[in-house]
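See below for the structure under consideration.
The values are calculated or read from the model by the stated rules, or taken from the named source; none is laboratory data. Since the model is a prediction, treat every value here as computed from it, not as a measurement. Note that each Cβ is placed from the backbone with ideal geometry, even for glycine, and that neighbours are counted across all protein chains shown. Ligands, DNA and RNA are stripped out before the accessible areas are found, and what is left, the full protein with its side chains, is counted by its heavy atoms. Shrake-Rupley method; radii C 1.70, N 1.55, O 1.52, S 1.80 Å.
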Amino acid sequence: MDSYQHILLAVDYSEHGDTVARKAKALASKYQAKLSMIHVLDNIPMPDTTYGTVIPMDKDSGYDLLEAEKARLMQIGDQLGVAQANRWLVWGAPKQEIVRIAEQEQVDLIVVGSHGRHGLALLLGSTANGVLHYAKCDVMAVRLQDG
Ligand code: AMP
């Protein structure tokens, strides 16, 4: 691949998030690519709403927990200069949803963080491994320092 047109940054709000975000932003600038971002909600209960698993960013859900998640994504999106329409907040399993949105939005590079894992954690698999396994496009795993 000589160049990328659409880069998707997977954001997990962890302490290492900045490192991954900076790489994605630098690549988007280098290739003059569109930059999108996604956060997948896998640890809060899904409220009973009329919309599906993709949460509209421009409407108040009336659900505090969800609005807090949205505000975090908005803050990171503002810092990175990601257009409002390219910010995705989705319910589900991170690896599956990241790949699903990447395909839907014709992303050609997904950027995720990757921890050096050993033993059981390695066997159970990481988000980066899962994304790499299922994605049809290129995946960049940004090595994160553990501990
Ligand atoms: P993990 O394998 O869960 O430690 O996560 C490694 C990387 O996967 C993170 O640095 C993010 O890029 C991505 N990731 C993990 N969880 C999520 C999530 N809930 N939503 C979006 N991206 C995620």
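Scan region 21-42 for residues that are touching a residue at least 40 places away in the same chain (Cβ under 8 Å) and either under 14 Å from GLY77 (Cβ atoms) or among the charged types (D, E, K, R) (or both) and jot them down.
Within region 21-42, the first condition is being touching a residue at least 40 places away in the same chain (Cβ under 8 Å), and the residues that meet it are 21, 23-25, 27, 33-42.
Listed by number, the residues that qualify are ALA21, LYS23, ALA24, LYS25, LYS34, LEU35, SER36, MET37, ILE38, HIS39, ASP42.
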**Q.** Cβ pairs under 6 Å, 6+ apart, first in region 44-66 and β-branched (Val, Ile, Thr), second part of a strand (DSSP E or B) and surrounded by 12 or more Cβ atoms within 10 Å (Cβ to Cβ)
**A.** THR53/VAL90; THR53/TRP91; VAL54/VAL90; ILE55/LEU89
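Condition first: open to solvent by 30 Å² or more (accessible area, probe 1.4 Å) and outside any helix (DSSP H, G or I). Can you find one or more residues in region 68-76 that meet it?
Step one: list which residues in region 68-76 are open to solvent by 30 Å² or more (accessible area, probe 1.4 Å), which gives 68, 71-72, 74-76.
Imposing the further condition that a residue be outside any helix (DSSP H, G or I) reduces the set to none.
No - not one qualifying residue is present in region 68-76.
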Q) On the given criteria, is ASP42 open to solvent by 50 Å² or more (accessible area, probe 1.4 Å) and within 12 Å of the ligand (Cβ to nearest atom)? A) yes
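Could you list all residues from region 1-32 that are of a type in the set (A, V, I, L, M) and open to solvent by 40 Å² or more (accessible area, probe 1.4 Å)? So that I can check it myself, show each step before the final result.
Let us first name the residues in region 1-32 that are of a type in the set (A, V, I, L, M), namely 1, 7-11, 20-21, 24, 26-28.
MET1, ALA26 - these are the residues of region 1-32 that are of a type in the set (A, V, I, L, M) and open to solvent by 40 Å² or more (accessible area, probe 1.4 Å).
Which of the following residues is more than 11 Å from the ligand (Cβ to nearest atom), surrounded by fewer than 18 Cβ atoms within 10 Å (Cβ to Cβ), at pLDDT 90 or above and of a type in the set (D, E, K, R): ASP48, ASP64, ASP138, ASP60? Talk me through it step by step, then tell me what you get.
On the way: ASP48 fails: at pLDDT 90 or above; ASP64 fails: at pLDDT 90 or above; ASP60 fails: at pLDDT 90 or above.
When all the criteria are applied, what remains is ASP138.
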Q: Would you tally the residues in region 1-15 being assigned to a loop (DSSP other than H, G, I, E, B) and closer than 23 Å to TRP91 by Cβ?
A: 4
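Tell me the residue from ILE101, ILE38 that is of a type in the set (Val, Ile, Thr) and touching a helix residue (DSSP H, G or I) at 6+ places or on another chain (Cβ under 7 Å), please.
Details: ILE101 fails: touching a helix residue (DSSP H, G or I) at 6+ places or on another chain (Cβ under 7 Å).
Result: ILE38 is the single residue among ILE101, ILE38 that is of a type in the set (Val, Ile, Thr) and touching a helix residue (DSSP H, G or I) at 6+ places or on another chain (Cβ under 7 Å).
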Q. Could you say which residue among ALA21, ALA83 is within 13 Å of the ligand (Cβ to nearest atom), at pLDDT 95 or above and more than 19 Å from GLU103 (Cβ to Cβ)?
A. ALA21
Q. Do you know which residues across region 81-107 are of a type in the set (D, E, K, R) and either part of a helix (DSSP H, G or I) or open to solvent by 30 Å² or more (accessible area, probe 1.4 Å) (or both)?
A. LYS95, GLU97, ARG100, GLU103, GLU105
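Criterion first (more than 9 Å from the ligand (Cβ to nearest atom) and not in a helix (DSSP H, G or I)) does MET37 satisfy it? Don't jump to the end; show me each part of the working.
Numbers: more than 9 Å from the ligand (Cβ to nearest atom): no; not in a helix (DSSP H, G or I): yes.
So MET37 fails the test.
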Q) Within region 67-80, can you find the residues that are touching a residue at least 24 places away in the same chain (Cβ under 8 Å) and touching a Leu at 6+ places or on another chain (Cβ under 8 Å)? A) GLU69, LEU73, LEU80
